[in-house]
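Accompanying notes for the structure given below.
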Amino acid sequence: MRAPTFWYRHGLISTLLAPFGWIWAVGARRRAAKPPMHRSPIPVVCIGNITAGGAGKTPIALSIAQLIPGAHFLSKGYGGSEVGPLRVDPQRHSYQQVGDEPLLLAEMAPCWVAKNRIDGAEAAAAAGASCLVMDDGFQDPSLEKDISILVVDGGSGFGNGHCMPAGPLREPVEVGLKRADVVVILGEDRHGIASLVAPKPVLRAWLEPEAEASVLSGRKVVAFAGIGRPAKFFHTLDHLGANLVEAYAFPDHYPFHPQEIHELTVAAQNHAAFLVTTGKDFVRVPVGQRDHIGVVQMDVAWEDEKALLDALAPALGHMPHL
């Protein structure tokens with residue numbers, strides 16, 4: 001789905017939908033009150049958010065896993081057909097089977113998809129994982145977490161403060177904060193998020209394009225994205241100095257049809273421009289149409305990496321590097 005604009009402002013539509021948001025909030029509170037069902041034999045670090053899409057969980061998960069030798073990812077495999085537990089093979093599995101995010105995660109470290117996260121945790125532990133990094137599951141009480149990291153987009157914050165469908169919240173802010181050990185503000189804090197989440201510890205981070213993306217500076221570009229907030233990607237291209245002649249926004253996790261990719265390719269050819277997208281979108285492009293599409297990969301830059309390691313230490317202190 002694409003986040004509606006009224007989620008990020010107060011107005012008539014959000015007011016009319018507010019009673020439904022209150023019902024959603026009641027359900028979220030009840031779910032949050034349930035005790036964890038299972039304790040994994042290895043540490044569990046959960047990267048989550050309390051808004052619908054676009055907060056930046058996946059790049060944060062990738063960055064954190066790089067700091068933990070032997071870490072495996074665990075995902076429910078949103079949008080995929082596999083029940084699991086299944087170790088993702090990017091060369092063999094498609095996003096229709098395992099979801100798009102697990103394909104990205106599996107390029108960096110072993111990634112398991114499992115609709116039942118307890119089964120997934122057991123499979124990863126049996127395969128020799130030293131730690132589980134969850135790219136989702138913040139609202140799922142089935143698996144006990146050693147550390148829960150709440151990611152908040154600095155540009156959108158908590159939107160209008162309402163729960164779905166009146167706003168972007170999956171649960172009331174105060175409910176989610178109770179389970180969070182640390183809050184990561186991704187990007188410039190334009191909404192006073194640090195004050196809103198106090199006294200929770202706050203880490204600050206930014207998404208930066210990889211060095212290879214600098215080749216787009218001064219070049220004409222046609223871009224497309226089906227992520228939580230496509231505008232963030234288009235803004236990144238502007239920041240790189242690219243001449244963005246056309247930009248196409250699709251809903252999050254959008255399954256691109258061959259005809260649509262053909263039309264995007266023709267649009268780029270008509271402008272004598274590069275056709276580019278995100279890494280998450282690229283895995284949903286039909287394999288035979290990927291050759292002429294550029295991918296802009298993003299890295300996470302931490303304001304204070306030592307503070308991040310300190311935040312991870314309570315659960316992972318037995319590891320030599322921590």
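The values are calculated or read from the model by the stated rules, or taken from the named source; none is laboratory data. Remember, it's a predicted structure, so these values are computed and weren't measured experimentally. Counting neighbours? That spans all protein chains shown, and the Cβs are built from the backbone with ideal geometry, glycine included.
Of VAL182, VAL133, all but one fail to be crowded, with 22+ Cβ neighbours inside 10 Å and under 18 Å from the mean Cα position of the chain (by Cα); the exception is VAL133. Within region 85-132, being in contact with a Lys or Arg (Cβ under 8 Å, 6 or more places away or on another chain) and charged (D, E, K, R) holds for ASP100, GLU101, LYS115, ARG117.
Just one residue in the set GLU260, GLU303, GLU246, GLU212 is closer than 29 Å to ARG92 by Cβ and modelled with pLDDT of 95 or more; that residue is GLU260.
For region 165-179, the set of residues classified as crowded, with 22+ Cβ neighbours inside 10 Å and closer than 20 Å to LYS232 by Cβ consists of GLY167, PRO168, LEU169, listed by residue number. Being crowded, with 19+ Cβ neighbours inside 10 Å and either in the same structural domain as LEU203 (by TED's automatic domain parsing) or within 16 Å of the chain's Cα centre (by Cα) (or both) is the requirement here; does LEU275 meet it? It is false that LEU275 is crowded, with 19+ Cβ neighbours inside 10 Å and either in the same structural domain as LEU203 (by TED's automatic domain parsing) or within 16 Å of the chain's Cα centre (by Cα) (or both). Filtering region 1-17 to residues that are touching a strand residue (DSSP E or B) at 6+ places or on another chain (Cβ under 9 Å) and aliphatic (A, V, I, L, M) leaves only ALA3. Checked across region 68-77, the condition of being closer than 15 Å to ASP136 by Cα and part of a loop (DSSP other than H, G, I, E, B) holds for at least one residue. Taken together, the residues in region 35-54 that are surrounded by fewer than 24 Cβ atoms within 10 Å (Cβ to Cβ) and assigned to a loop (DSSP other than H, G, I, E, B) amount to 11. Of all the criteria given as (1) under 28 Å from LEU177 (Cα atoms); (2) free of Cβ contacts under 8 Å to residues at least 60 places away in the same chain; (3) surrounded by fewer than 22 Cβ atoms within 10 Å (Cβ to Cβ), the one not satisfied by VAL113 is (3). The condition of being under 19 Å from ALA71 (Cα atoms), touching a residue at least 40 places away in the same chain (Cβ under 8 Å) and in a helix (DSSP H, G or I) holds for only one of ALA125, ALA129, that being ALA125.
The single condition among (1) at negative phi; (2) touching a residue at least 40 places away in the same chain (Cβ under 8 Å); (3) out of contact with any Ser or Thr (no Cβ under 6 Å at 6 or more places or on another chain) that VAL88 does not meet is (2). On the stretch given as region 183-216, residues that are assigned to a strand (DSSP E or B) and small (Gly, Ala, Ser) total 1.
Here ALA194, ALA205 are screened, and the one residue that is without any contact (Cβ under 8 Å) to a residue 12 or more places away in the chain, surrounded by 14 or more Cβ atoms within 10 Å (Cβ to Cβ) and under 17 Å from GLY157 (Cα atoms) is ALA194.
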